[in-house]
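In what follows, a structure is listed as structure tokens, so that the remarks can point back to it.
The values are calculated or read from the model by the stated rules, or taken from the named source; none is laboratory data. Remember, it's a predicted structure, so these values are computed and weren't measured experimentally. As a convention, Cβ positions derive from the backbone with ideal geometry for all residues, glycine included, and neighbour counts pool all protein chains shown. When the accessible area is computed, the model is the full protein with side chains, heavy atoms only, and any ligands, DNA or RNA have been set aside. Shrake-Rupley method; radii C 1.70, N 1.55, O 1.52, S 1.80 Å.
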Amino acid sequence: MSTADEGRQWPDEASVDNARTTLLQLLARAGVPSDDARELIGLVEAGALALAYEELSGSDRGVPGDKGEEYGTGWLDGAADTLEELGAVAERTLLRVVGPEGPQGPAGERPRAGRMEVERARVALTPLSFTAVSELDPEVTEEVLAAVLATMTVRQRAGYAGRLTRFAAAHRSRLERMFAAFGPDSAITVHGRYSLLHSATSLAVLERLATVPGELREEWDAAELPPAWLDGLTTAWDAPA
């Protein structure tokens, strides 16, 4: 039997499960807890479906061939139904990872950010950084990112990398000026109210300050982080060009 006789050579269910299990075992050997590994894999799976949905939604789904108006109408309706079901599958896949949206705790509070959520935020910041190195202690960096993530629901955290990317792109010129004036290459030292400008985490804090300043300050105070850092970041952000 030739390859052409077998149709599209896509992985079947058993092959996909094999790849997932292999990846879980490899991550376990690297010290990644199984729950964290499953979360990452689930997000990749949901994301792949969501990206396929977005790609197909934005494409011109022309009717193949010329078989009349009635056929064309039926074909487009069927394609729309299939696309909608693809979106529903993506939604169900994401729900298995992050759970339903809405109140997250007994009093509606959001759960504390987990290790993998903090690590994902750290990785998201790396290519967007306007400073070469971080002068913050690693433990302090985690505390800052945990406070930032505490302002979001679990579902919002799942799409946080995209939110950061859009924020950095929309304000690139302003951010470049700010880091030039207050960052590591400026005359400002790492110690004091501008300490955050010597760390990539400053971008994450700025995005939250611009979006939910009240909630960020509440979480900042709850984490007992220096209030002067937020004040300094706000001053730097609002400094005239």
- request: Multiply the residue gap between residue 174 and residue 75 by 0.36 nm, knock off their C-alpha separation, and tell me the result in nm, one decimal place.
  value: 30.8 nm
message: From the phi angles alone, apply the Karplus equation (6.51, -1.76, 1.60; θ = phi - 60°) to the range 115-120 and give each ³J(HN,Hα) in whole Hz, x where the residue is Gly or Pro.
response: 4, 6, 5, 5, 5, 4
- request: Using only the Cα atoms of the range 134-207, build the gyration tensor, take square roots of its eigenvalues as a ≥ b ≥ c, and label the shape rounded, prolate or oblate: rounded if a/c is under 1.5, else prolate if a/b is larger than b/c, else oblate.
  value: oblate
task: Tell me what the chain gives for mean residue ellipticity at 222 nm when only DSSP H runs of n ≥ 4 count, each as -39,500 (n - 2.57), the sum divided by the residue total, rounded to 500 deg cm²/dmol.
output: -20500 deg cm²/dmol
- prompt: Can you give the longest stretch of the chain with no exposed loop site, where a site means GluC sites (Glu not before Pro) in a DSSP loop (not H, G, I, E or B) with at most 10 other C-beta atoms within 10 Å?
  reply: 110-223
task: Please report the relative contact order for the range 108-198, taking Cα pairs under 8 Å with a sequence separation of at least 6, and give it as a percent rounded to a whole number.
output: 35 percent
- line: Taking 0.36 nm per residue of separation between residue 23 and residue 185 and subtracting their Cα-Cα distance, the length gained on full extension comes to 54.2 nm
message: Net charge around residue 177, counting only other residues with Cβ within less than 15 Å of its Cβ (Lys, Arg = +1; Asp, Glu = -1)?
response: -1
query: Near residue 37, within a Cβ-to-Cβ distance under 15 Å, what is the net charge of the other residues, with Lys and Arg +1 and Asp and Glu -1?
result: -1
- line: With all protein chains present and a 1.4 Å probe, the order of 198, 171 from largest accessible area down is 171, 198
statement: Expected vector for the range 147-163, Karplus 3J(HN,Hα) from phi with 6.51, -1.76, 1.60 and θ = phi - 60°, integer Hz, x for Gly and Pro, equals 5, 4, 5, 5, 7, 10, 6, 4, 5, 5, 5, 4, x, 5, 4, x, 4
statement: To the nearest Å², the heavy-atom accessible area per residue of the range 144-241 with 1.4 Å probe amounts to 44 Å²
- line: For the chain, averaging the sequence separation of alpha carbon pairs under 8 Å that lie six or more residues apart and dividing by its residue count, the contact order in percent is 17 percent
- line: Classified through the alpha carbon gyration tensor (a ≥ b ≥ c as square roots of its eigenvalues; rounded if a/c is under 1.5, else prolate when a/b is larger than b/c, else oblate), the range 165-223 comes out oblate
query: Of the heavy-atom accessible surface of the range 121-241 (probe 1.4 angstrom), what whole percent is carbon and sulfur?
result: 53 percent
Cβ-defined net charge surrounding residue 117, 13 Å radius [Lys, Arg +1; Asp, Glu -1]: +2
- prompt: Which is the longest stretch in the chain that no exposed loop site breaks, taking sites as trypsin sites (Lys or Arg not before Pro) with a DSSP loop state and at most 16 other Cβ atoms within 10 Å?
  reply: 113-241
